[in-house]
Amino acid sequence: MKIFAAIFSGIIACTLLAACSLASIGETDAVIAPDVDRKDASALIAAVKNLGPDGVPETHYEVTALEAAMTANDPALIRTGAGAVFNLVAAELSGGLTPPEARLGWRMENDAPDPGALAALEEKAFDTGDFAQAFATLAPRHAQYRQLKAALAAEGLDPEQKARLRLNMERWRWMPHDLGADYILVNVPAFELMLVRGGKITARRRVVTGSPALPTPQLKAIVTGVIFNPTWFVPPSIVRESVGALLKNDPARAKRLGYYLGTDGGVRQKPGPANALGQMKLVMPNPYSVFLHDTPSKDAFQREPRALSHGCIRVEDATGFARILLGDAISDDEFKDILSKRRTVEIDLDTPLPVYVSYFTAFAAEDGAVAFYADAYGLDAPLLARFGGAPAEGGDPIKSLIEEACPESANDAALPENL
């Protein structure tokens, strides 16, 4: 019995997707299915061809080589070919049909299947011949996946809508398999944040995300606390873009806005009404310096679309959202005192909370109705053809990463001239 790690060295390297020959598969012992006969192989092929309801395009898997081995009645080639097909399908249903390098902007890793569990699943499938059930156990268990799958089976959808549903089902295969009972989900194309408790959405907020030129990456982080009235450590890119010129050319106004030089030469912005972070930011360390925070530019939440920031995520009613997250970690009186006196305080959450910054252009409501959102960063376009949509036309999709993210520019946070 092969192990999961051998899939990529023995199968994906020669790529069944590109119809690699069974002869080349036979050159390695990395893939061996036990006691496979023509009946098993036929059942496997039928299950693979019936993956359409799970958003798998009809032509995605190549099984003609296995069918040829069956026609030739070659037990060795049937055995190795069936094992190769099973393990490739199992790996992709669990981890995604799309190669990682094609998942532009996606910086979340899902969980690799346990090799022992995968081997046991393979053995059981070939023992019982129930490959459909084996594949069903590998599909995402997220409610959104099930709702999108149900929508795909509905009548009245055009080809582009079906392709969009398949692509977003695929993105759920890229997500961590277990999000937890409690978490925050940010959906960038919807410009919305959802707080989930016990598997149910308990709060929603509008958000402002990165602009197409400075896209918010898709990532997972852990929220450990809230900083009220934070100091903003202005990233060098924003110093170069605007704040540096403001300090040089209009130091009086820069002072009114709270900008100053730190002892290390870096630019800071004091807490206050002009602070780009507003009155709170969440403590959520990540490699991209992307976080959720307040903003003094409240009118941005009424705009459509809201891809306006430098990569960070501005949250509507951010202080109210922070109050919900903190729960019993802070009293109402203490909360009001912190805000009224503009004290800089960091308070830990009782329990750290995962936050998933995602990119779903099709998302189901609680009643199962699916909303389709504009492709804010052009990330659907190069992938839709893989899932039955029209080929992408025009410019390149966004490929940039956030190296030093920040929430606002100096102009975004500017106060009235008479302040």
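The values are calculated or read from the model by the stated rules, or taken from the named source; none is laboratory data. Because the structure is predicted, anything quoted here is derived from the model rather than measured. Neighbour counts run over all protein chains shown; Cβ positions are idealised from the backbone, glycine included.
Taking (1) closer than 21 Å to Pro296 by Cα; (2) crowded, with 16+ Cβ neighbours inside 10 Å; (3) modelled with pLDDT of 95 or more in turn, Trp232 satisfies each apart from (3). For the range 97-113, the set of residues classified as surrounded by fewer than 16 Cβ atoms within 10 Å (Cβ to Cβ) and either in contact (Cβ under 8 Å) with a residue 60 or more places away in the chain or assigned by TED's automatic domain parsing to the domain that holds Ala365 (or both) consists of Ala102, Glu109, Asp111, Ala112, listed by residue number.
Please determine whether any residue of the range 252-260 is in a strand (DSSP E or B) and more than 24 Å from Asp317 (Cα to Cα). Yes; the residues of the range 252-260 include at least one that is in a strand (DSSP E or B) and more than 24 Å from Asp317 (Cα to Cα). Remark: Asp380 matches the filter, which requires a residue to be acidic (Asp, Glu), within 29 Å of Pro217 (Cβ to Cβ) and either in the same structural domain as Met169 (by TED's automatic domain parsing) or more than 22 Å from the chain's Cα centre (by Cα) (or both).
Of the residues making up the range 339-355, not a single one is more than 23 Å from Arg107 (Cα to Cα), touching a Lys or Arg at 6+ places or on another chain (Cβ under 7 Å) and either assigned by TED's automatic domain parsing to the domain that holds Gln218 or not β-branched (Val, Ile, Thr) (or both). Annotation: Glu408 fulfils all but one of (1) at pLDDT below 70; (2) exposed (fewer than 14 other Cβ atoms within 10 Å of the Cβ); the unmet one is (2).
For the range 182-212, which positions are in contact (Cβ under 8 Å) with a residue 40 or more places away in the chain and of a type in the set (A, V, I, L, M)? Correct list: Ile184, Leu185, Val186, Val188, Ala190, Leu193, Leu195, Ile201, Ala203, Val207, Val208.
In the set (1) surrounded by 13 or more Cβ atoms within 10 Å (Cβ to Cβ); (2) over 35 Å from the mean Cα position of the chain (by Cα); (3) farther than 22 Å from Ser211 by Cβ, the condition left unmet by Asn249 is number (1).
Just one residue in the set Ala374, Ala300 is in a loop (DSSP other than H, G, I, E, B) and closer than 25 Å to Leu214 by Cα; that residue is Ala374. So, of the residues in the range 42-82 that are assigned to a helix (DSSP H, G or I) and among the acidic types (Asp, Glu), which turns out to be modelled with the lowest pLDDT? Ranking the qualifying residues of the range 42-82, first place goes to Glu67. Taken together, Leu179, Leu148 contain a single residue that is buried (at least 22 other Cβ atoms within 10 Å of the Cβ), of a type outside the set (Gly, Ala, Ser) and touching a residue at least 40 places away in the same chain (Cβ under 8 Å), which is Leu148.
Across the range 128-169, the number of residues qualifying as on the phi > 0 side of the Ramachandran plot and either of a type in the set (Asp, Glu) or not assigned by TED's automatic domain parsing to the domain that holds Pro113 (or both) comes to 1.
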